[in-house]
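Enquirer: This is the structure I want to talk about, given as structure tokens.
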Amino acid sequence: MSTSRVKSAERVLDVLDLLARRGVPLATADISSALDLPKSTTHHLLNVMRDRRFVSYWADQRAWTLGVSAFEVGASYMRSGPLHREGQRFMLALTQSTDETSHLAVLQGSDVIYLDKREPLKPGVRLVTEIGTRLPAHLTAVGRAILSRLDAEQISALYEGYTWPTRTGTGPSTLAELRNLLAEARESGYAVEENATTSGINCIASPVITRDGRPVAALGVTFLSGSKSAEESALIADRVRTVSAEFSAGLGDRMVETPTADM
């Protein structure tokens, strides 16, 4: 493969990585500056990537975001990659130790998507968090757990102009209220949601974090409101925090790939 093609591939990947890490629409000039690329080169790359649906252009903002093809690749990775595969055994551990439903979720914009869950053998209430369900992150414990590990600038950008939807009439309705909840979650190591997504349902969740401190997911345990004493809830919170930390450590080890020599 020619050196020029390799360089082009590296630049495409740099663009995708930048858009994914920033998590907000970026203008061509911002991308060009961040990657130290000529503006003409950046414009050409973005147009090619738009044709392949890896990026999208928002004319009203004059800015770029990741496109549907990038999401499809990411979704495939989540289903078959170490995050989802490894998450299964940690969900199982949580469900077995708490005798309650556990689930794994990731952040997508200002929403969370539930990737998988494990339910106890005992009969239980049907939850809204079916696999593939998308919910506003600010209402959920898994969402708040992930958000609690983002910096202040990322939170501000993510919720600029946000309309703060509600499902049950409870939950934060301003950025200041959300920030208070996130500060509590970061300090304790877990987030708590009570009746915000479904009346009569509580959830406790902790973030799954990479070696460099990025929150990539959250593990949560859901149970009926009023079914646990304060002591029992504290034990669940401690268990969720411990298992999420174990998941984080194991994920870091398995996500390091050893390069192979060219054949």
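Every read-out reported here was derived from the displayed coordinates using simple, explicitly stated rules and does not represent laboratory data. None of the values given here were measured: they were computed from a predicted structure.
Enquirer: I'd like to know how the chain sits against the 2.2 N^0.38 Å rule of thumb: what's its Cα Rg over that expected value?
Expert: Output field value: 1.10.
Enquirer: Mind checking which aspartates and glutamates have their C-alpha under 18 Å from Lys117, skipping anything on the same chain fewer than 8 residues away?
Expert: Candidates past the 8-residue exclusion: Glu86, Asp99, Glu100, Glu130, Glu193, Glu246.
Enquirer: Among His43, His84, His138, which one moves the most in a GNM of the chain with springs linking Cα atoms closer than 10 Å?
Expert: Greatest mean-square fluctuation among the candidates belongs to His43.
Enquirer: Here is a further query. Could you run the Karplus curve 6.51 cos²θ - 1.76 cosθ + 1.60 with θ = phi - 60° over region 140-156 and give me ³J(HN,Hα) per residue in whole Hz, x for Gly and Pro?
Expert: Per residue, the Karplus-derived 3J(HN,Hα) values read 9, 5, 5, x, 5, 4, 5, 4, 5, 9, 8, 7, 4, 5, 5, 5, 4 Hz.
Enquirer: In the Gaussian network model of the chain, springs joining C-alpha atoms below 10 Å, which of Asp36, Asp116, Asp99 carries the largest mean-square fluctuation?
Expert: Answer for the Gaussian network model of the chain: Asp36.
Enquirer: Shifting gears a bit: Enumerate the amide H contacts of Thr101 below 5 Å, restricted to partners 5 or more residues apart or on another chain; note that Pro and chain-start residues carry no placed amide H.
Expert: Hits under the 5 Å cutoff: Thr222.
Enquirer: What 222 nm value per residue comes from the helices of the chain, counting each DSSP H run with n ≥ 4 as -39,500 (n - 2.57) and dividing by all residues, nearest 500 deg cm²/dmol?
Expert: Numbers: 9 runs with 124 residues, N = 263.
Calculated mean residue ellipticity at 222 nm is -15000 deg cm²/dmol.
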